[in-house]
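Note sheet for the following structure.
The values are calculated or read from the model by the stated rules, or taken from the named source; none is laboratory data. The shown structure was predicted, so the numbers you read here are calculated from the model rather than taken from an experiment. Positions of Cβ are generated from backbone atoms using ideal geometry, with glycine treated the same way; all protein chains shown enter the neighbour counts. Note: areas computed on protein heavy atoms with side chains; ligands, DNA, RNA excluded. Shrake-Rupley method; radii C 1.70, N 1.55, O 1.52, S 1.80 Å.
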Amino acid sequence: MHATGLLLIVLGGVMEGAFALPMKFTPRWEWENIWAAGSLVALILVPWPLAMLTVPHLGCVYSSAPVPAILLAILFGAGWGCGGVFFGKGVASLGLSLGTSLIMGLIAIGGSLVPMLLQHKEQLLSKGGAELLAGIAVMIAGLMVCARAGSLKVGDAQVAKTSSSTSFGIGLFYCVASGLLSALVNFALIFGTPIAKVALARGLDPATANNSVWALVFTVAYLVNLGYCLFKGARRGTLKKFRSDSTLLYWALAGVMGLLWAGGIVVYGRGASLGGALGPIFGFPIMLIVSILTGNAAGAVTGEWREAPSVAKATMACGVIVMILAILTLGYASYAIG
């Protein structure tokens, strides 16, 4: 793979693994405040200027694209938006390290299995298909180990209590839902290909042409995130916190969060495109590994596991190692199939 492409993929993984970190430094805002503000930057203020600057006559591209492609991109974009909501709530519930590990692990399964089922279904029983299924099995084992680490971190005695058990269980549900729904962004890109083809016909390269799809998908995802945040904020009376004194720093942190979130996807996509046809196959697992490691490093630096028992820390480390092995297996299987 091209050295510049590899560096961009690693940088994209670092950005994706760290984008939720600003949430830890906005104590006077509730989850819905920081998530709504961060989503605005990530899903509107980054993709639209990028699309308008890189895709000439963007409006003509949409008007010339097949209606079914636009509708499917909107549908799957909405599903991905729901995954974004669950991502934020999962990380807020279980912490950056555990939440990122669980979600990125599930995304690895969806990112490997879904494209195969859509494009290489006949190879499911081949050697590459067997390796893919083996990687998924290892990934599930890693996810279970990480989930066990989370319960050990909380403490078996507390997990037995209704309130703590509900809190941990709900957080786990958020992460699983996010991991599964986030795979729909792949569907949005795959079924939105006819939109990008219109842009390609104007002489753009594939990575740039996809900006026309991302702008549409990101906007729909933003509306889902904004709708939920407004509903939750109105219900809890927290919308007024946007106007609180001394929150200028919070808006700046939300901007950083949004730039890391959207920028990580853009940077990864550019790096993968420099690797040619095999770029996404090699790049996707690398990006996920770096994201998991970054999320765990950020969680450790901010003290998420400082008070956790040693057995919980060791279990989490084992879970991360197992998931990295699983991602490498999935990447190798994708290469063999591709």
Criterion (closer than 15 Å to I265 by Cβ and either in contact (Cβ under 8 Å) with a residue 24 or more places away in the chain or of a type in the set (S, T, N, Q) (or both)) met by exactly one of L189, L181: L189
Checking A3 against (1) open to solvent by 30 Å² or more (accessible area, probe 1.4 Å); (2) closer than 13 Å to V256 by Cβ, the condition it does not meet: (2)
Inter-residue pairs, beta-carbon under 6 Å, first more than 8 Å from L253 (Cα to Cα) and modelled with pLDDT under 90 and in segment 20-32, second assigned to a loop (DSSP other than H, G, I, E, B) and open to solvent by 10 Å² or more (accessible area, probe 1.4 Å), 6+ apart: K24/T302
All positions within segment 44-74 that are among the polar types (S, T, N, Q) and without any contact (Cβ under 8 Å) to a residue 60 or more places away in the chain: S63
Candidate set from segment 298-320 (those that are farther than 20 Å from M144 by Cα and either part of a helix (DSSP H, G or I) or in contact with a helix residue (DSSP H, G or I) (Cβ under 7 Å, 6 or more places away or on another chain) (or both)); member that is modelled with the lowest pLDDT: A300
Any hit, segment 36-43, residues being surrounded by fewer than 19 Cβ atoms within 10 Å (Cβ to Cβ), touching a residue at least 12 places away in the same chain (Cβ under 8 Å) and hydroxyl-bearing (S, T, Y): no
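Any residue in segment 189-206 that is farther than 27 Å from T26 by Cβ, in a loop (DSSP other than H, G, I, E, B) and open to solvent by less than 20 Å² (accessible area, probe 1.4 Å)? Spell out how you get there, then give the answer.
So in segment 189-206, the residues farther than 27 Å from T26 by Cβ come out as 189-206.
This time we only want the ones that are in a loop (DSSP other than H, G, I, E, B), so: 192, 201-205.
From what is left, the residues that are open to solvent by less than 20 Å² (accessible area, probe 1.4 Å) are 192.
Yes, segment 189-206 contains at least one residue that is farther than 27 Å from T26 by Cβ, in a loop (DSSP other than H, G, I, E, B) and open to solvent by less than 20 Å² (accessible area, probe 1.4 Å).
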Index of the failed condition, G269 passing every other in (1) among the small types (G, A, S); (2) modelled with pLDDT of 85 or more; (3) buried (at least 23 other Cβ atoms within 10 Å of the Cβ): (2)
Residue list for segment 228-266, restricted to those being free of Cβ contacts under 8 Å to residues at least 12 places away in the same chain and open to solvent by less than 40 Å² (accessible area, probe 1.4 Å): G237
Qualifying residue in segment 45-67 (condition: of a type in the set (G, A, S), crowded, with 23+ Cβ neighbours inside 10 Å, modelled with pLDDT under 95 and under 30 Å from P206 (Cα atoms)): no
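Taking the stated definitions as given, is F168 open to solvent by 60 Å² or more (accessible area, probe 1.4 Å), among the aromatic types (F, W, Y) and at pLDDT 70 or above?
Numbers: open to solvent by 60 Å² or more (accessible area, probe 1.4 Å): no; among the aromatic types (F, W, Y): yes; at pLDDT 70 or above: yes.
So F168 fails the test.
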Y222 being in a helix (DSSP H, G or I) and either modelled with pLDDT under 85 or open to solvent by 40 Å² or more (accessible area, probe 1.4 Å) (or both): no
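Residue by residue, here is whether (1) open to solvent by 30 Å² or more (accessible area, probe 1.4 Å); (2) at pLDDT 85 or above holds:
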position	(1), (2)
L71	yes, yes
L75	yes, yes
V85	no, yes
A92	yes, yes
L96	no, no
G110	no, no
G128	no, no
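Across segment 185-214, which residue is nearest to L53 (Cα to Cα) among those that are in contact with a Phe, Trp or Tyr (Cβ under 9 Å, 6 or more places away or on another chain) and at pLDDT 85 or above? It would help to see each step written out before you state the result.
Within segment 185-214, the subset in contact with a Phe, Trp or Tyr (Cβ under 9 Å, 6 or more places away or on another chain) is 185-192, 195, 198, 212.
Okay, now just the ones that are also at pLDDT 85 or above, so 188, 191-192, 195, 198, 212.
Details: A188: 22, F191: 23, G192: 20, I195: 17, V198: 16, S212: 11 Å.
Among residues in segment 185-214 that are in contact with a Phe, Trp or Tyr (Cβ under 9 Å, 6 or more places away or on another chain) and at pLDDT 85 or above, the one nearest to L53 (Cα to Cα) is S212.
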